[in-house]
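For reference, the structure is listed below as structure tokens.
Values in this text are rule-based calculations from the coordinates and carry no lab data. A quick note: this is a predicted structure, and the numbers were derived from the prediction, not measured. Cβ placement follows ideal geometry from the backbone for every residue including glycine, while neighbour counts extend to all protein chains displayed.
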Amino acid sequence: MTTEASEPDGSVGSTGAGAAGPDAAQPAAVGPGHGPPAAPAVDVFVSYASHDAAVANAIVEALERAGLRCWIAPRDVVPGSLYADGIVRAINAATVFALVLSEHAVASAHVGKEIERASSKRRPIIALRTDQAPLTPAFEYFLSESQWIDLAPGRVDAGAVKLVEAVRRYLDGPQPLAPQSAAVAAGAPAPPASGAWRASGRAAVAPGRNWLVAVAYAAVAIALVWLLADRLWSSRRPAAERPVAAAGAVAPPAAAPAPAIPQKSVAVLPFIDLSEKKDQEYFSDGLAEELIDLLAKIPDLKVTARTSSFAFRGRAVTVGEIGRSLQVANLLEGSVRKAGPRVRITVQLVRADNGYHLWSETYDRDLKDVFRVQDEIARVVAEKLKLALLDTKPIAAARAANTEAHNLFLQGRYFAQSETQAGLDKAVDCFKRAIAIDPDYAAAWAELAYAHFRQLANGYISVRPGLEATRLEARKASQLDPMLADAYVVMSQEQMAGEADWAGARASLDQALRLDPNNVGAMISAGHLTRATGNADAALVLFRKALERDPLNLLTRRYMARVLYYEDRLDEAESAVRQVLEFNPAYPAAHYELGRIFLARGQAGEAVAAFEAEDNPGWRLFGLPLGYHAQGRAAQARAALAEMLRNPAGAEFQVAETYAFFGDADQALAWLERAVGNDPGILWIRGDPLLRNVSGDPRYAALLRRLKLPP
């Protein structure tokens, strides 16, 4: 709401509203025992320009008749307090931000700053539009994901009814942390988040998220640091009652008690991008990763990895909800504004439980100094958290001296996250271009090696050339920078999948963990190695440790589900797979894993439905022969196997599993021999439930011995 000290131009003179903007002086930090108390929690903060006071007051009256708590100025400004403090605290305390949108509001700089503040606090914005005045670019950006209600002349009451309904959806509706796609797939009503609907029925205008978001991500990366995501998903029904849908519907798994929130914990939320052009999201993501890397070096401070840090991008959630969901005591948030060669980064540290501002700072820098800014922010935040800070200066050799090369590197990492063929192809291209500019860019060599490994693992490129490229590129990275942990992680993956060199992989992982004890990739690879050569329980400990750092890493969660399936812990395995599907119903191989779990239970029909729902054609093809065979559809099972055999390169292990499941031991063992050195799946030979028909064959035991694996 815009506080009503009316200015000569008729706009609202909310002196405090300016404090909400990233360019304005920030209010003094307020903590327990310092300054005025925080505003009491309210349901709706009402923002308006002075010309619209009558409409705003009518809206408030209607909301309060419906039992909703409102905050509006000047009524609710504490006598003797600063308007700036009152507005900032009220927006922080509100669940929903309601805006009387008119030509007067659009013309008011103070209303704009209140909207910016609400957006930065991730408050759902509901605009009640009284006229058709064109929006400024800033208003269009901040309202692009909001819900709109058109107020016809003289029909404020009708609009108020819609507003009451909308507010109650946010207060009483589905939890905002549940992704909309999963809720819809499961048949549940989706929350009206991220512009899911507008009462006026007009389509949302969605300007691209970009550069500033990028820097915001920098914060995000730090912030979503411990989404102890295992806790994010909890089962509401027994596994046996959950439906399986060909479209990928999933039911959430069972609830677990929330752990105590560690005080030395912080989540970095996506920063708001206030720059003029919205095309730099990859750069923001890169900043986030740099901050994560720096903060992860602080003793006793838990920091989640990138995958989980970015999971709440675009979600309509409050600070309190984020803190509870991520189990963090502190949140780092802010905004970034890029103009030409200059960048302004505004950062603030907030207590998640009460919204108190512990610290805020604004950094105006030339872009060429952005690396120094990252270090500076991480160090100051660490100091404010009262933690001992290690020497977190980034390793110079891991960074490019050339700005264009670094830019391409950030784009490559951005594209690689998708795990899709198109995304990985773009990532490889970006890394290669970065290396062409700076051949000594060690981190780019390591990321190129990992992108090639993910391509071959997903069947997008031929295995042997892919493994050779991975091996050479990982070694090149380690030669250029012997202190780069990621290089040794990728090296270990190639050694396991391509060479069955368990000792070499162990040495590589030991080196990676010596350099970076919190490296999530090293934990995941160590889990694979431990399961293949040793104890499944110990492997699960490593996967869970990785998920504590990176709770929303769906690949790790899928692998953990497979280990549980191998151990015949089928309910736990199903729960883990459904957690993957809840966040991404099209995630590669997730439905395939679910189908195998159903096969192990003897549920052939459900298995076929899951295999048919698999979005990745390769994994779908691997599953269907198994499902058809279990249903007794012999002709279709053989036809599906014949389809696999048309191009078996890189799928030799899956062919062997199929023959074993069909009961053809000779063919199964012959294809296992062919898989050695040609199919990374050979890593999963030991204890594979699909190979049980051949596990007692002396030839199978001899193969394990040759691979130097225990029985």
- Task: At 0.36 nm per residue, minus the direct Cα-Cα distance, what do Asp568 and Ala422 gain on full extension? Give it in nm, one decimal, please.
- Result: 49.0 nm
- Task: Using the number of other C-beta atoms within 10 angstrom as an exposure proxy, rank Glu61, Glu473, Glu572 with the fewest first.
- Result: Glu61, Glu572, Glu473
- Note on the structure: For Ala600, the net charge from surrounding residues (Cβ-Cβ under 15 Å; K, R +1; D, E -1) works out to -4
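How would segment 431-507 be classified by its alpha-carbon gyration tensor: rounded, prolate or oblate, with rounded meaning a/c under 1.5 and the a/b versus b/c comparison settling the rest? Please list the in-between numbers first.
Working: a/c = 2.48, a/b = 1.21, b/c = 2.05.
In terms of gyration-tensor shape, oblate.
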- Just check segment 465-537 against the gyration tensor rule for me: Cα atoms, a ≥ b ≥ c as the square roots of the eigenvalues, rounded for a/c under 1.5, and otherwise prolate or oblate depending on whether a/b exceeds b/c. oblate
- Task: Whole Å is fine, so just give me how far the alpha carbon centre of segment 323-356 lies from that of segment 102-118.
- Result: 22
- Message: Distance between the C-alpha centers of segment 416-465 and segment 494-527? Whole Å please.
- Response: 19
- Computed from every Cα-Cα pair in segment 498-655, P(r) in 10 Å bins starting at 0 and rounded to whole percents is 11, 34, 33, 18, 4, 0
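For the cross-link pairs Lys338/Lys476; Lys113/Lys277; Lys121/Lys338; Lys113/Lys302, which exceed 25 Å when the distance is taken from alpha carbon to alpha carbon?
Pairs exceeding 25 Å: Lys338/Lys476; Lys113/Lys302.
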- Note on the structure: Under 5 Å from the placed amide H of Tyr363, counting only residues 5+ away or on other chains, we find Ile345, Thr346, Val347
- Message: Starting from 0.36 nm per residue, how many nanometres of slack lie between Gln479 and Arg75 once their C-alpha separation is accounted for?
- Response: 138.7 nm
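Please compute the alpha carbon radius of gyration of segment 647-711, then divide it by the globular-protein estimate 2.2 N^0.38 Å. Two decimals is fine.
Numbers: Rg = 10.4 Å, N = 65, 2.2 N^0.38 = 10.7 Å.
The reported ratio for this selection is 0.96.
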- Task: Return the sequence-ordered ³J(HN,Hα) values of segment 112-119 in whole Hz as given by the Karplus equation 6.51 cos²θ - 1.76 cosθ + 1.60 applied to θ = phi - 60°, using x for Gly and Pro.
- Result: x, 6, 5, 4, 4, 5, 4, 5
- Message: Given Cβ point charges of +1 (Lys, Arg) and -1 (Asp, Glu) and nothing else, what value in debye, to the nearest 20, does the dipole of segment 572-711 about its Cα centre take?
- Response: 420
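Once R0 is set to 51 Å, what does the formula 1/(1 + (r/R0)^6) return for the Cβ-Cβ distance between Arg342 and Leu704, expressed as a FRET efficiency to the nearest 0.05?
Details: r = 62 Å, r/R0 = 1.21.
With R0 = 51 Å, the Cβ-Cβ based efficiency is 0.25.
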- Under a Cβ-Cβ cut-off of 14 Å, what is the net charge of the residues other than Ala702 that fall near it, where Lys and Arg count +1 and Asp and Glu count -1? +3
- Projected label distance in nm at Ala260 and Asp440, using a 7 Å step from Cα toward the beta-carbon: 5.0
